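This report refers to the structure that appears directly beneath it.
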Amino acid sequence: MQPTGEWLSPSPTLRIDDLSAEERAVYATLRPDRLPQHVAIIMDGNGRWAGRRSLKRFVGHQQGAKAVQQVTETAARIGLPWLTLYAFSLENNLRRPRAEVSFLMRLLKTYLDGHLQRMLANNIRMRYIGRTRDLPHDVQEKMREVEEATARNTGTTLTLALNYGARSELVDAFRGLAAEIKHKHLSAEHITEADIHRHLYTAQMPDPDLLIRTSGELRISNFLLWQIAYTEIFVTERYWPDFRGIHLLEAIADFQRRERRYGGIGEDGGEVEEDPDRIRIAVS
Ligand code: FPP
C-alpha cells in the first residue's frame, strides 16, 4: 500500500523488563546506543519446517505467523523503530498452488484480526508495502482497518511486505517519477537518487541497517533491492517457525560487532598516504 500522508518517525519506549530472562541476558551484551534503526527479515523455511515433522505446509505457515508476533513483540520491547517482514512476494502469488495462496490470505486476515489488541497493547504501528491493491478485497479491508486503528501508535512500525517484489517497486517508482517529470516539465538529467527514493514504497522510512534471512538460503529473492545497498546481511540456518525474539537479539549482537564502511576506509585499513603523487606505480 502506498503511504498517503506523512509518516511520523516512531519513538518507541523501552520495556526491557518485559523481555524473557534469556532475552535480557543477550540484550545486556548489546550497546543500546548502537541499535539498528531498521531490521528487515526474509522469513523462509515454513514448508521445510513442516516437512521435517511430516506435517502439511500450512502448519508451517501457521507456526510462522506465531513467530511473527513473538519477534515483533521483542522488537517493540527493545525499542526498535522499524521492522519490515517479507510476508508474501509477487512470485509467491504467481507461482504457488492456488490453495496455498488462498490459505496464506486467510491466515493473514485471521492474524490481523486476532492480533489487533496485542498490537495496540504493544504500541505497534502497522503498515504495508507492495502491490496490495491486487490482494483479495476482504483482506485489503482488514489491512486498512488495522492500519487505521494503529496509526497513532508511536512504537515500532511493523511493515508487512505483501504481494511485494523489489523490481515491480522500482517500476512503480519510475512510473511515478516519469509522471512527475512530465507534469512539472522537468528534465531527466536532473533526476537524483533522492528523487527515486521519494517514489519508493519505503519513502518515509530509513533503509534497513540489518537484513536477516532464515533457513540458510543465500539469496535476496527480490526484496528491497534499492534499499539494501549498504545493509548488513545475517543468514541463519534456523527455519522461520523456530525463530524467536532471542534470535533477533543475537542477530543484532552480530551486527554490532561489524564495522560499517559505506565504501570508506575502516579503522584497521592501514595508514593514509599523505602525498600519493610521490608513489611509483609498478604493474607487473
Ligand atoms: C516462506 O516459507 C514463507 C512465506 C511464504 C511467507 C511468510 C509467511 C508467514 C510467516 C506466515 C504468515 C505471515 C503473517 C504476517 C501472518 P516457504 O513456504 O517458502 O518455506 P520453504 O522454502 O521451506 O518451502
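Farthest toward the positive end of the dipole of the chain, out of PHE255, THR74, GLY114, is the Cα of GLY114, where the dipole comes from beta carbon charges about the Cα centre. Take every Cα pair under 8 Å whose residues are at least 6 apart in sequence, average their separation, divide by the length of segment 101-253, and the relative contact order is 19 percent.
Taking only alpha carbon atoms, segment 68-203 gives an Rg to Rh ratio of 1.03, where Rh is the Kirkwood radius.
Dipole of the chain, Cα-centred, from +1 at each Lys and Arg C-beta and -1 at each Asp and Glu C-beta, to the nearest 20 debye? Mind showing how you got there, number by number?
Values: 39 positive and 39 negative charges, 297 e Å.
Roughly 1420 debye, rounded to the nearest 20.
In summary, the aspartates and glutamates within cross-link reach of LYS66, defined as a Cα separation below 17 angstrom excluding same-chain residues under 8 places away, comprise ASP44, ASP113, ASP242.
Placing unit charges on the Cβ atoms of the charged side chains and taking the dipole of the chain about its Cα centre, the candidate lying farthest along the positive direction among TYR164, VAL235, PRO36 is TYR164. Based on the Kirkwood approach, the hydrodynamic radius assigned to the chain is 20.5 Å, with every pair of different Cα atoms included.
When you count the other C-beta atoms within 10 angstrom of each residue and take the mean per peptide, 137-146, 41-50 line up highest first as 41-50, 137-146. Ordering GLY51, SER89, THR13 by the projection of their Cα atoms onto the charge dipole of segment 5-117, which places +1 on the Cβ of Lys and Arg and -1 on the Cβ of Asp and Glu, puts GLY51 at the extreme positive end. For GLU232, the residues 5 or more places off, or on other chains, whose built amide H falls under 5 Å of its own are LEU210, LEU211.
Roughly how many debye, to the nearest 20, is the charge dipole of segment 178-245 about its Cα centre, given +1 on each Lys and Arg Cβ, -1 on each Asp and Glu Cβ, and no other charges?
Numbers: 7 positive and 10 negative charges, 44 e Å.
Roughly 220 debye for segment 178-245.
Placing +1 on each Lys and Arg Cβ and -1 on each Asp and Glu Cβ, with no other charges, gives segment 142-284 a dipole about its Cα centre of roughly 720 debye. Per residue of the chain, the DSSP helices (runs of n ≥ 4 H) give a summed -39500 (n - 2.57) that works out to -13000 deg cm²/dmol at 222 nm. With R₀ fixed at 45 Å, the C-beta to C-beta distance from ARG280 to GLU259 puts the FRET efficiency at about 0.90.
Coordinate-derived values only; no laboratory data. Nothing here was measured: the structure is a model prediction, and the numbers come from that model. Glycine gets a Cβ as well: all are built from the backbone with ideal geometry, and neighbour counts include every protein chain shown.
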